[in-house]
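This report refers to the structure that appears directly beneath it.
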Amino acid sequence: MATPHVNFPSGIQAQALGRQKHKCAMCGGAIAGLGNQGRAQHKFGEGVQAHHVIPHSMGGPISVDNCVVICYACHMSAHQGGRWRDLSIYADVAALPLPQKIAKIAALYPHYNG
C-alpha cells in the first residue's frame, strides 16, 4: 500500500525557495512568495507549489533537499500534464540509494540551486 501524500511544511518550502534564489526550480521565473502570495507578481499570474523531487509514496522524505518550489504550470509539466499517480518516470532511479535518487532527479531542475 502506498504511503499517503504529505505536503511540505511552509518552513521547508521557504528554505527550498531560498536555495533556488526565489526562482521556479524548473522555468526560472521569479517567485515572490509561497502558494498564492506572489501570484500578482508572477509573469502569468500563477501561484506556486512545493513538489517532491522523489515522491513521498516512493520513500521521498519531507526534507529541503527533496523539495522544489515550482509554478503551477511547471508542476503540471512535472507530472506529465497532471498524471499525478504515474511514477513510471522514476523507473531509472528505482534501484539507487535515496540520496542518489534525489540528486539525479534534482539535477533535472535547472534552477534547483538558483
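If you scan segment 43-62, which residues turn out to be outside any strand (DSSP E or B) and within 11 Å of the chain's Cα centre (by Cα)? Please lay out each step first, then the result.
Initially, segment 43-62 is screened for residues outside any strand (DSSP E or B), giving 43-47, 53-62.
Within segment 43-62, Val53, Ile54, Pro55 qualify.
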Could you give me the residue pairs with C-beta distances under 9 Å whose first residue belongs to segment 74-99 and is within 30 Å of Ala30 (Cβ to Cβ) and modelled with pLDDT under 95, whose second residue is surrounded by fewer than 12 Cβ atoms within 10 Å (Cβ to Cβ) and charged (D, E, K, R) wherever it lies, and which are 6+ apart or on separate chains?
His79/Arg85; His79/Asp86; Gln80/Asp86
Taking Gly33 as meeting all but one of (1) outside any helix (DSSP H, G or I); (2) surrounded by fewer than 15 Cβ atoms within 10 Å (Cβ to Cβ); (3) among the small types (Gly, Ala, Ser), write down the number of the exception.
(2)
Can you name the number of the only condition in (1) in a helix (DSSP H, G or I); (2) modelled with pLDDT of 95 or more that Lys21 fails?
(1)
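In the set Val68, Val53, Val48, which member is surrounded by 14 or more Cβ atoms within 10 Å (Cβ to Cβ) and farther than 21 Å from Pro97 by Cβ?
Values: Val68 fails: farther than 21 Å from Pro97 by Cβ; Val53 fails: farther than 21 Å from Pro97 by Cβ.
Within the list Val68, Val53, Val48, the selection yields Val48.
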Modelled with pLDDT under 95, surrounded by fewer than 17 Cβ atoms within 10 Å (Cβ to Cβ) and in contact with a Leu (Cβ under 9 Å, 6 or more places away or on another chain) - does that describe any residue in segment 8-15?
no
Looking across segment 85-114 at residues that are loosely packed, with under 13 Cβ neighbours inside 10 Å and hydrophobic (A, V, I, L, M, F, W, C), the single one that is nearest to the chain's Cα centre (by Cα) is Ala107
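The values are calculated or read from the model by the stated rules, or taken from the named source; none is laboratory data. Keep in mind it's a predicted model, so treat the numbers as computed, not measured. All Cβ positions, glycine included, derive from the backbone under ideal geometry; neighbour counts span all protein chains shown.
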